[in-house]
Every structure is written in C-alpha cells, then in structure tokens.
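Colleague: Sharing a structure, written as structure tokens. Questions coming.
The values are calculated or read from the model by the stated rules, or taken from the named source; none is laboratory data. Just so it is clear, the structure is predicted and the values come from calculations on it, not from any experiment. Here Cβ is always computed from backbone atoms with ideal geometry, including for glycine, and neighbour counts include all displayed protein chains.
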Amino acid sequence: MAHSDDSHAGHDHVWADDLTKNQGLVLGALAHSDAPLSAYDILDRLREDGLKAPLQVYRALDKLVERGLVHRLESLNAFVACADEHCHRSGLIAFAICEGCGKVDEFADSVIEDRLGEWAAGTAFVVERTTMEIRGKCGACAGA
Ligand SMILES: [Zn+2]
Ligand SMILES: [Zn+2]
C-alpha cells in the first residue's frame, strides 16, 4: 500500500498517525489540560500509563515541539498543546497567560507579524520564530 512520505516539504503539521506511544500520551495529557503543564506535571499524569522517567517525557516533548503540536512557554517553563489544528502559517504565535486562573489563550496576529516583518526586513534580521507571552488577567478573572 502506498505510504506517502512525500509531504515533507512545507507544512508538516499533522495530528499524526506516526506518533510514538509516549508522544501520543504526552500530547493527550496536554490536550486535556486547561492550563499549561510542566514536564513533571505530565509525568505525574502518565505514571499509570507506564511512563516512569522524566527523560521519556522530555524526549516526547522535544519531538512534539519540533513538529509544532506542542508549544513551550518559556516564562512558565511549561507546555501547552497547540490550539491550532492546522499549520501555523504565520511565524508568530502569541499566548495570553492569565495569572489568576492559569488559562492560556493561543492566537496569531497578522498585524503584529507584518510589523515585525518590516522591522526584520529593515535590519536584515532573519526571524526563525516569534513567540509572545502576554501576562495579565483573563476576562473572567479581571471581572472578579
Ligand atoms: Zn500553535
Ligand atoms: Zn483567568
């Protein structure tokens, strides 16, 4: 049977069949969490599924981040499942992090990206990726 492996060029963002068992477990744990999880949070949740070593979680996270299925929030040292099932066509990803309830909203903004694009063109800086982390309170927490 034809197993097409020629989709390597360009968009490679697939809710893939070819995840390893551990990658699938880690992605599942993140997808079912409302808040970002640290590697140790993930390990805690997956102990019953047979994950025992932090290294297993880190390896799976590395691959998932590489594929764009999971994002790392630098300021929290934690991870979230990508909220966008489709490829990030834009190079910019923004996260609004609520300091009240811990909720994280992922979004992209083409206006900000265009601005950064102009800046990059003007300074000959080659951007590989841009991640914005915005701290504050979500609507529900701000209103409380
Ligand atoms: Zn994403
Ligand atoms: Zn909140």
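Colleague: Can VAL104 be described as within 30 Å of ASP114 (Cα to Cα) and surrounded by 19 or more Cβ atoms within 10 Å (Cβ to Cβ)?
Modeller: Yes; evaluated as a whole, the condition is true for this residue.
Colleague: Still on this structure, I have one more. For ALA60, are the conditions met, namely being among the small types (Gly, Ala, Ser), outside any loop (DSSP other than H, G, I, E, B), more than 10 Å from ligand 1 (Cβ to nearest atom) and buried (at least 17 other Cβ atoms within 10 Å of the Cβ)?
Modeller: When the stated conditions are applied, ALA60 passes them.
Colleague: Return the residues of segment 20-38 that are surrounded by 17 or more Cβ atoms within 10 Å (Cβ to Cβ) and outside any strand (DSSP E or B); say none if nothing qualifies.
Modeller: ASN22, GLN23, LEU25, VAL26, LEU27, ALA29, LEU30, SER33, PRO36
Colleague: With respect to the numbered conditions (1) of a type in the set (Lys, Arg); (2) surrounded by 12 or more Cβ atoms within 10 Å (Cβ to Cβ); (3) at pLDDT 90 or above, which one is the sole condition not fulfilled by ARG67?
Modeller: (3)
Colleague: Does GLY136 count as in contact (Cβ under 8 Å) with a residue 24 or more places away in the chain and within 16 Å of ligand 1 (Cβ to nearest atom)?
Modeller: No; evaluated as a whole, the condition is false for this residue.
Colleague: Right, here's the next one. In this structure, does ALA120 turn out to be away from ligand 2 (no atom under 16 Å from the Cβ) and not in a helix (DSSP H, G or I)?
Modeller: So ALA120 fails the test.
Colleague: Turning to a different aspect of this structure: Just to be sure I understand, how many residues within segment 107-117 are within 16 Å of ligand 2 (Cβ to nearest atom) and either part of a loop (DSSP other than H, G, I, E, B) or exposed (fewer than 13 other Cβ atoms within 10 Å of the Cβ) (or both)?
Modeller: 0
Colleague: For segment 9-34, which residues satisfy the criterion of being at pLDDT below 90 and touching an Asp or Glu at 6+ places or on another chain (Cβ under 9 Å)?
Modeller: Passing the criteria: HIS13, TRP15.
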